[in-house]
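Chemist: Below is the structure I would like to discuss, written out as structure tokens.
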Amino acid sequence: MGTLTYDSKVTASIDDRILAHLQVVILAKLRRGEPFAFTWKENANGLGRTTIWIHNAISLTFQYYGGKTPQLNSRWIQALVRSSNSVGGLEIVPEPPAAPLPAAEPAL
């Protein structure tokens, strides 16, 4: 379980795999100078939620519990990007199946 800390005041515990995908999306938007809202549920029961306004002038820390970088699913990143561009802002959406790997070329 990793941690996302925003402005040294707001902390969210998020699974390392989810956090790695969020990091890709969030940092890409910040590099482009696109502030946005990010909303997450506070617990597995769906009770309580938090929304923050993410802007590149406010500190943001991604801290991972595990030492290995999770394998990224490009389809999930695309789904999260679509969510981040919506009126409601970025929300964690379910992970879609990963794109199939290209078939290996036959040996000659």
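Read the figures in this text as sums done on the coordinates, not as results from a lab. Remember, it's a predicted structure, so these values are computed and weren't measured experimentally. Backbone-built Cβ (ideal geometry, glycine too); neighbour counts: all protein chains shown.
Chemist: Enter the angle in degrees (range 0 to 90, nearest 10) between the Cα long axis of helix 16-31 and the first principal axis of the Cα atoms of the chain, meaning the one along which they spread out most.
Modeler: Result, in degrees: 80.
Chemist: Also: Using only helices, what value at 222 nm comes out for the chain when you add -39,500 (n - 2.57) per DSSP H run of length 4 or more and divide by the total residues, to the nearest 500 deg cm²/dmol?
Modeler: Numbers: 2 runs with 27 residues, N = 108.
Here the helix-only value at 222 nm equals -8000 deg cm²/dmol.
Chemist: Okay, moving on. Hey, could you get me the Stokes-Einstein D for region 1-41, Kirkwood radius over alpha-carbon pairs, 37 °C and 0.692 mPa s, rounded to whole µm² s⁻¹?
Modeler: Details: Rh = 11.0 Å.
D = 299 µm²/s.
Chemist: Compute the long axis of helix 74-84 from its Cα atoms, compare it with the longest principal axis of the Cα atoms of the chain, and write down the angle in degrees, 0 to 90, nearest 10.
Modeler: 30
Chemist: For region 2-91, with only Lys/Arg (+1) and Asp/Glu (-1) charged at the beta-carbon, what is the dipole magnitude about the Cα centre, in debye rounded to 20? Working shown, then result.
Modeler: Working: 10 positive and 6 negative charges, 46 e Å.
For this selection, approximately 220 debye.
Chemist: Something else now. Modelling each spin label as a point 7 Å along the Cα-to-Cβ direction, I'd like the Thr61/Ser86 distance in nm, to one decimal.
Modeler: In this crude label model, Thr61 to Ser86 measures out at 3.1 nm.
Chemist: Let me know the whole percent of all Cα-Cα pairs from the chain that are separated by more than 20 Å.
Modeler: On the way: 2497 of 5778 pairs.
When every Cα pair of the chain is considered, 43 percent fall beyond 20 Å.
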